[in-house]
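See structure below.
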Amino acid sequence: MTAVTPLRVLVVDDARDTADTLAYLVRLWGHEVRVAYDGHAALGEALAYGPDIVLMDIGMPGMDGWEAISRLRKQEGARKALCVAVTAYGKEEDRRRSRQAGFDYHLVKPLDPNVLEQLLSEQR
């Protein structure tokens with residue numbers, strides 16, 4: 001399914017293959033995508049890009065996804081983005097921390113592409 005109105009999507013994951021594959025998939029759905037490979041790069045990219053959607057891993061070295069989203073939520077230009085945790089962390093405590101940090105959704109890897117596509121289509 002091709003998006004009628006492309007969204008600006010920022011994909012953040014320290015596992016480059018995972019980030020690049022997810023970015024490729026989202027592009028196939030017709031969206032514009034930028035990729036960052038760590039939390040610090042994500043903050044800079046979000047400031048420059050002003051994403052509509054942020055898909056972010058939590059378990060990253062340096063600055064984890066919880067801290068990165070918390071900081072991103074304070075930035076002009078990315079404050080209103082829909083933020084989705086895409087992570088291997090699936091316990092209830094992880095989901096609670098995601099909500100507290102500022103994530104809107106918490107999706108557990110391996111990601112069901114149909115769930116993500118539906119979520120993106122609801123944002124257009």
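Residue-by-condition table, conditions (1) of a type outside the set (D, E, K, R); (2) over 16 Å from Cys83 (Cβ atoms); (3) in a helix (DSSP H, G or I):
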site	(1), (2), (3)
Thr18	yes, yes, yes
Leu22	yes, no, yes
Arg27	no, yes, yes
His40	yes, yes, yes
Glu45	no, no, yes
Ala48	yes, yes, yes
Val54	yes, no, no
Met63	yes, no, no
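In the stretch 107-124, the qualifying residues are those that are under 15 Å from the mean Cα position of the chain (by Cα) and among the acidic types (Asp, Glu), and the one that is surrounded by the fewest Cβ atoms within 10 Å (Cβ to Cβ) is Asp112. For the stretch 61-69, state whether one or more residues are in contact with a helix residue (DSSP H, G or I) (Cβ under 7 Å, 6 or more places away or on another chain) and β-branched (Val, Ile, Thr). Yes, the stretch 61-69 has at least one match.
Condition check ((1) among the small types (Gly, Ala, Ser); (2) in contact with a strand residue (DSSP E or B) (Cβ under 8 Å, 6 or more places away or on another chain)) across all residues:
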position: Arg27; (1), (2): no, yes
position: His31; (1), (2): no, yes
position: Tyr37; (1), (2): no, yes
position: His40; (1), (2): no, no
position: Gly50; (1), (2): yes, yes
position: Lys74; (1), (2): no, no
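Across the stretch 72-93, the number of residues qualifying as surrounded by 18 or more Cβ atoms within 10 Å (Cβ to Cβ) and either among the hydroxyl-bearing types (Ser, Thr, Tyr) or not in a loop (DSSP other than H, G, I, E, B) (or both) comes to 8. Just to be sure I understand the filter: pairs with C-beta atoms under 7 Å, separated by 6 or more residues or on different chains, first member in the stretch 43-69 and touching a residue at least 60 places away in the same chain (Cβ under 8 Å), second member polar (S, T, N, Q) and assigned to a loop (DSSP other than H, G, I, E, B). Which pairs pass? Note: pairs meeting the criteria are Asp52/Gln123; Ile53/Gln123.
Of all residues in the stretch 3-23, those satisfying the criterion of being among the hydrophobic types (A, V, I, L, M, F, W, C) and surrounded by fewer than 23 Cβ atoms within 10 Å (Cβ to Cβ) are Ala3, Val4, Leu7, Ala15, Ala19, Ala23. If you go through the stretch 1-16 and keep only what is within 19 Å of Thr87 (Cβ to Cβ) and out of contact with any Asp or Glu (no Cβ under 9 Å at 6 or more places or on another chain), you end up with just Arg16. Condition test on Arg95, is it of a type outside the set (Val, Ile, Thr) and in contact with a strand residue (DSSP E or B) (Cβ under 7 Å, 6 or more places away or on another chain)? When the stated conditions are applied, Arg95 passes them.
Against the numbered list (1) touching a residue at least 24 places away in the same chain (Cβ under 8 Å); (2) under 13 Å from the mean Cα position of the chain (by Cα), Asp104 comes up short only at (1).
We did not get these values from a lab; they are worked out from the coordinates using the rules stated. Here the structure is a predicted model, which is why all the values come from computation and not from measurement. Glycine also receives a Cβ, built like all others from the backbone with ideal geometry; neighbour counts cover every protein chain displayed.
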